[in-house]
Amino acid sequence: MSMVRKWTLGRALALLVLLGAAVISVFPFIWMIVGMTLNPNDVLKGILVPGRDFVSNWTKATTSYNLPIFFFNSLKIALLTVVFGLAVNGLAAYGFEKHQSKARDKVFGVLMLTLIIPQIALVIPMFRMFAFFKLLNTHAAIILPSIMSVFIIFFMRQNFKMFPTEIMEAARVDGASEMGIFVRIVTPSMQATYASAAIYLFLGQWNSYLWPLITILSDAKKTLPLAMASMMSAYTIEYGALMVIVCISVLPVLVLFLSMQKQFVAGLLGSVK
Amino acid sequence: MNKRGSYQRYLNRFGWFCVTPATILFTLFMLYPILSSLYYVTRRWKGMSNTFIGLGNFVRMAHDKVFQGALANNFIFMVIQIPLMIFLALMLAVLLNQGIRRFRGALRLAIFLPAVTSLVVVSVLFRVLLQANGLLNNVMLDAHLISSPIGWLNDAFWAKVTIILAITWRWTGYNMVFFLVGLQSIDTEIYEAAEVDGASKLRQLFTITIPLLMPVILFSLVTSTSGTMQLLEEPNILTWQGGPANATMTAALYIYRQAFFINADFGYATAMSYVVVVISGVFAILQMRLLGERKAK
């Protein structure tokens, strides 16, 4: 009898702690969604009843703050990074894993050595390089350095390990070319790996701040994170419009997460396996 | 024989074809910056020109109180925030895994949700929530928890607390998911055997769960440490340029400001980034070694 009571008490306590954590985690999302409909003062106070200012906030965000331009800049940059990143890193991971040679193993070893180097240590020579090639203030400057990712190559290589080499051998006997094997046989069966890598690349670029901050100078080229950051430096902050921009910048990631939870988490956890 | 040799050559050529694009990009955007930084680190910039000063940048660092303070802040955030976050994430993971059956999926989803926000979004959200006349102060005033508003953003002590709160909110659920994956790989028979032996739940936690989770805990320690060494968005946007009066200045932010914001002192900034690389490297090696020892046991 007492055992049963103790248990339910423990369960109730566990549920309470978890509920508390869930509320703290979710609350800012509710607050920012409601914030889109409030006047700036009410956003600050944290009123949780929807107001009537959505249209004026939306108009401000899209006209005085150029939200559509920032959104499409961010989207274009992130999508191009994903496309090129999947092609380059997928091919490299496949080459390192399925076409091993002593020389290529050495190249891979050099790649892995740089895995722990923080970005701040690379940006100064990179800035001078892009200045030299007159590529500052272009979207190419943001995209080019983020295509190759040592982490993604490592992650995809781990997954290519599981692809049976016998299937490749059988295809060779049937006269398939190496490129044909990679494109038509290996890639289609690694869709989950590509999806995780795509999510990882997309998130990294969609959220990136430091490198765009260094390279982008004009307002028309800015991405969403840069736009939000510069809104915060204004003397008076339009909180309602700010909440619209914040929500729009979170939305794609949220949709991606809710629709592809499994690949999303695999993308984050890639290296734990 | 000859035919076979040419086929081998074809395979080898294809292997190089695969890795070449990535290797070119790696050389341009990783290897070249690393190697050329060896040049920058010995130079002093004055306007557009620069001169060789050998190890002068490191001497300057020894007298730079702001940089030393920034490094100290990195350590403070590391020592307080990481254990706090790992404790919370571990507790939530264990409770989710063993404490309840109902609502498990929904609760896990909710607690993970902050991980979909970017560091810029987190900084913006907390900056608005923690204004002097903002939501958190209002709620605490109404509940009579405090008698006057807390200076979350403009008091040297509370600004550090703010940074810690923001990072903890953003990353606890993320780390919890790591721990959940680890917990699910533990065989339930071990717990059943412990139950038969009469071990309490708390004892099971310390003698079974935590030791078996150690590799995952160490992994999250390594990634969190490297993340803390790179803190930049939060002190730049949330507490505004490392303020108040450099109370939340971090090494990465100070380097960025020296190179691109206040001065164009690329040499000095590079030298400071070397210190950050060395410190991150030492931590990573120490923690990996710890991880390796655990695995060997």
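The values are calculated or read from the model by the stated rules, or taken from the named source; none is laboratory data. This is a predicted model, so every value here is computed, not measured. As a convention, Cβ positions derive from the backbone with ideal geometry for all residues, glycine included, and neighbour counts pool all protein chains shown.
Report, by residue number, each residue of the range A:49-67 that is over 29 Å from the mean Cα position of the chain (by Cα) and buried (at least 18 other Cβ atoms within 10 Å of the Cβ).
Listed by number, the list holds a single entry, A:Asp53.
Identify the single condition in (1) of a type in the set (Lys, Arg); (2) within 14 Å of chain B (Cβ to nearest Cβ); (3) touching a Gly at 6+ places or on another chain (Cβ under 9 Å) that A:Lys60 does not satisfy, given that it satisfies every other one.
(2)
Anything in the range A:192-221 that is more than 12 Å from chain B (Cβ to nearest Cβ), over 15 Å from the mean Cα position of the chain (by Cα) and over 15 Å from A:Ile143 (Cβ atoms)? List them, or say none.
Those that are more than 12 Å from chain B (Cβ to nearest Cβ), over 15 Å from the mean Cα position of the chain (by Cα) and over 15 Å from A:Ile143 (Cβ atoms): A:Ala192, A:Thr193, A:Ser218, A:Asp219, A:Ala220.
Please pick out the residue among A:Asn137, A:Asn57 that is of a type in the set (S, T, N, Q), under 30 Å from A:Leu242 (Cα atoms) and outside any helix (DSSP H, G or I).
A:Asn137
Take the residues of the range A:204-224 that are among the charged types (D, E, K, R) and farther than 24 Å from A:Leu256 by Cα: which is surrounded by the most Cβ atoms within 10 Å (Cβ to Cβ)?
Applying the filter and picking the extreme gives A:Lys221.
In the range B:97-127, what residues are at pLDDT below 95, among the β-branched types (Val, Ile, Thr) and within 23 Å of the chain's Cα centre (by Cα)?
B:Val116, B:Thr117
Hey, which of the helices (runs of 4 or more DSSP H) in the range B:81-165, taking only ones fully inside, have at least 1 residues that are among the hydroxyl-bearing types (Ser, Thr, Tyr), more than 10 Å from chain A (Cβ to nearest Cβ) and touching a residue at least 12 places away in the same chain (Cβ under 8 Å)?
So the answer is none; nothing clears 1.
Give me the residue from the range B:12-46 that is touching a residue at least 60 places away in the same chain (Cβ under 8 Å) and out of contact with any Lys or Arg (no Cβ under 9 Å at 6 or more places or on another chain) and, out of that set, surrounded by the most Cβ atoms within 10 Å (Cβ to Cβ).
Only one residue fits best here, namely B:Val41.
Is one or more of the residues making up the range B:250-258 more than 8 Å from chain A (Cβ to nearest Cβ), without any contact (Cβ under 8 Å) to a residue 40 or more places away in the chain and either out of contact with any strand residue (DSSP E or B) (no Cβ under 8 Å at 6 or more places or on another chain) or not in a helix (DSSP H, G or I) (or both)?
yes
Can you spot a residue in the range A:235-252 that is surrounded by fewer than 19 Cβ atoms within 10 Å (Cβ to Cβ), closer than 30 Å to B:Gly182 by Cβ and at pLDDT below 95?
yes
Please determine, by comparing only the residues of the range B:173-190 that are more than 12 Å from B:Leu212 (Cα to Cα) and more than 10 Å from every other protein chain (Cβ to nearest Cβ), which one is modelled with the lowest pLDDT.
B:Thr188
Are any residues in the range B:28-42 in a helix (DSSP H, G or I), more than 7 Å from chain A (Cβ to nearest Cβ) and of a type in the set (S, T, N, Q), and if so, which ones?
Once the filter is applied, which keeps residues that are in a helix (DSSP H, G or I), more than 7 Å from chain A (Cβ to nearest Cβ) and of a type in the set (S, T, N, Q), the range B:28-42 yields nothing.
The rows are residues; the columns are (1) part of a helix (DSSP H, G or I); (2) within 27 Å of the chain's Cα centre (by Cα); (3) under 26 Å from A:Ile237 (Cβ atoms); (4) modelled with pLDDT of 95 or more.
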{"position": "A:Leu44", "(1), (2), (3), (4)": "yes, no, yes, no"}
{"position": "A:Ile47", "(1), (2), (3), (4)": "no, no, yes, no"}
{"position": "A:Ile69", "(1), (2), (3), (4)": "yes, yes, yes, yes"}
{"position": "A:Leu79", "(1), (2), (3), (4)": "yes, yes, no, yes"}
{"position": "A:Ala93", "(1), (2), (3), (4)": "yes, yes, no, yes"}
{"position": "A:Met112", "(1), (2), (3), (4)": "yes, yes, no, no"}
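Which condition does B:Gln68 not pass, out of (1) within 28 Å of B:Val275 (Cβ to Cβ); (2) buried (at least 23 other Cβ atoms within 10 Å of the Cβ), if it passes all the others?
Against the list (1) within 28 Å of B:Val275 (Cβ to Cβ); (2) buried (at least 23 other Cβ atoms within 10 Å of the Cβ), B:Gln68 comes up short only on (2).
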